[in-house]
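Only one structure is covered here, and it is reproduced in the block below.
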Amino acid sequence: MLETALASGSVQALAWTALLLGFVHSVLGPDHYVPFVMMARAWRWSWPRTFVITLLCGFGHVLSSVVIAVLLIGAGTALDEWQGTRWAAVHEVRGAVAAWALMGFGAAYSLWGIRKALRGRVHTHAHVHEGGAPHAHAHAHAADHLHVHGRAARVTPWVLFTVFVFGPCESLIPLTLAAFALGGTGAAVVTAGVFTLSTVATILVTVGLLLAGLERVPLGPLERWTHALAGASLVACGVAIRFLGL
């Protein structure tokens, strides 16, 4: 699809391709929506909070590649020269960094979630009052660590944003370069804008649909393991990016 559009010599074809690629690469990449769905479920984010975090991460994901495209255009780089530039190498490294960062954060977060779940179990302690009357009471250790919970809640969205900024949009740069070569700044802006809106809209809709469905599923005993499961899902997304090319 990308090769056909680049060879078409048509700005309109490039814009339509940007629209389709923005949708396809978002839907086929679970890392574009699974982290938000799982984190929203684990932290019980409100719909507006989930929307804002997803929106910011989505724009950060795309605009970081737009910045590289602008720098290449400013340097007078032609489309057929793009693969030989140091920016192409940087773009590839960004993808690896994003994948490993997602795996690392997911693993650490999953371990934190496991620890939280284990400490959240209700323990019963029995003792004998004066006079010989037995008594038992229960408490959850998690209640003693609310400050840790709050710190993790504040940090998590920023970690997601950082990972998404590092994650590259592989097809956006050649599309933008080709559009600029054919129609100048206006064509490049339209192509990049269409890709951006398509990508962000697809991510938002997918997150909304999946989260609405997940909220209808009663987790029961698994409820206290949601943080651990969310972390495991991030690791799986990182593996899919790094080793499966998704």
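Annotations for the structure displayed:
- Unmet requirement for CYS169, which otherwise passes all of (1) modelled with pLDDT under 90; (2) in a helix (DSSP H, G or I): (2)
- Looking only at region 44-58, and only at residues there that are touching a residue at least 40 places away in the same chain (Cβ under 8 Å) and surrounded by 18 or more Cβ atoms within 10 Å (Cβ to Cβ), the one that is farthest from VAL165 (Cα to Cα): THR50
- Every residue from region 184-233 that is hydroxyl-bearing (Ser, Thr, Tyr) and surrounded by fewer than 17 Cβ atoms within 10 Å (Cβ to Cβ): THR185
- Scanning region 7-43 for residues that are surrounded by fewer than 23 Cβ atoms within 10 Å (Cβ to Cβ) and out of contact with any Leu (no Cβ under 7 Å at 6 or more places or on another chain) yields a count of 16.
- Listed by position, the helices (runs of 4 or more DSSP H) enclosed by region 2-58 include none that has at least 1 residues that are touching an Asp or Glu at 6+ places or on another chain (Cβ under 8 Å) and among the polar types (S, T, N, Q).
The values are calculated or read from the model by the stated rules, or taken from the named source; none is laboratory data. Bear in mind the structure is a predicted one, so any value in this text is a computation, not a measurement. Here the Cβ is made from the backbone with ideal geometry for all residues, glycine too, and neighbour counts use every protein chain on show.
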